[in-house]
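Trainee: Right, I'll just put the structure down here and ask away after.
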Amino acid sequence: MAMPRRRKRPEDALQHAVLEHLRLRAPRTAYWFHVARSPIEAGILKGLGVRAGVPDLIIIYGGKTYGLELKADGNKPTKLQVEAQDAMRTAGAEVAVAIGLDAALRQLEQWQLLRGRHAS
């Protein structure tokens, strides 16, 4: 039986690149993660606290929480993502949307979560 093909998501390569920069350039005490989930998983786990629209990366550093939504060129946040970002801001988090790698790295540098400067 053939395995179903995983749908290619344009943000995957972007997220891998951002994670590599975090591994190499983030402060040692920064902690980051991605909440891995599929739409099916989210439906099953909703009762356990899974929430729709959570940013791709959550970073905790220096007593602050940051949420970074990564988008490939031409994509924009969904209504649920915008609502989640607004709720996180209301709770005190810094949240941003970055379209493309350069924008993501600039945002992380602005938040002082990456050492050095990315040359674009």
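The values are calculated or read from the model by the stated rules, or taken from the named source; none is laboratory data. Bear in mind that the values here come from a model prediction, so they are computed numbers and not experimental data. Glycine also receives a Cβ, built like all others from the backbone with ideal geometry; neighbour counts cover every protein chain displayed.
Trainee: Report whether or not H21 is under 22 Å from R117 (Cα atoms) and either surrounded by fewer than 14 Cβ atoms within 10 Å (Cβ to Cβ) or among the charged types (D, E, K, R) (or both).
Mentor: Details: under 22 Å from R117 (Cα atoms): yes; either surrounded by fewer than 14 Cβ atoms within 10 Å (Cβ to Cβ) or among the charged types (D, E, K, R) (or both): no.
No.
Trainee: List the strands (runs of 3 or more DSSP E) that sit entirely inside the range 55-106 and contain at least 3 residues that are under 20 Å from P27 (Cα atoms) and of a type in the set (V, I, T).
Mentor: 57-61
Trainee: Just need a number here: residues in the range 32-43 that are surrounded by 10 or more Cβ atoms within 10 Å (Cβ to Cβ) and modelled with pLDDT of 75 or more.
Mentor: Within the range 32-43, residues that are surrounded by 10 or more Cβ atoms within 10 Å (Cβ to Cβ) and modelled with pLDDT of 75 or more number 3.
Trainee: Name the residue that is surrounded by the fewest Cβ atoms within 10 Å (Cβ to Cβ), counting only residues in the range 88-120 that are among the polar types (S, T, N, Q) and under 15 Å from G67 (Cβ atoms). Working first, answer last.
Mentor: Within the range 88-120, the first condition is being among the polar types (S, T, N, Q), and the residues that meet it are 90, 107, 110, 112, 120.
Now drop any that are not under 15 Å from G67 (Cβ atoms), which leaves 90, 107, 110.
On the way: T90: 8, Q107: 19, Q110: 11.
Here the residue is T90.
Every residue, every condition in (1) at pLDDT 95 or above; (2) at positive phi, yes or no:
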residue: L70; (1), (2): yes, no
residue: G74; (1), (2): no, yes
residue: A93; (1), (2): yes, no
residue: R117; (1), (2): no, no
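Trainee: Whether any residue in the range 101-119 is farther than 18 Å from E11 by Cα and small (G, A, S) is what I want to check. Talk me through it step by step, then tell me what you get.
Mentor: Initial filter on the range 101-119 (farther than 18 Å from E11 by Cα): 109-119.
Next cut, small (G, A, S) only: 116, 119.
Yes, the range 101-119 has at least one match.
Trainee: For the range 67-120, give me each residue that is in contact with a Pro (Cβ under 8 Å, 6 or more places away or on another chain), among the basic types (K, R) and more than 21 Å from A52 (Cα to Cα).
Mentor: Within the range 67-120, R115 is the sole residue that qualifies.
Trainee: Search the range 44-74 for residues being small (G, A, S) and under 23 Å from D102 (Cβ atoms), and hand back the single one that is surrounded by the most Cβ atoms within 10 Å (Cβ to Cβ). Before the answer, list the steps.
Mentor: Quick first cut of the range 44-74, residues small (G, A, S) only: 47, 49, 52-53, 62-63, 67, 72, 74.
Cutting the leftovers down to under 23 Å from D102 (Cβ atoms) gives us 67, 72, 74.
Working: G67: 20, A72: 14, G74: 8.
Only one residue fits best here, namely G67.
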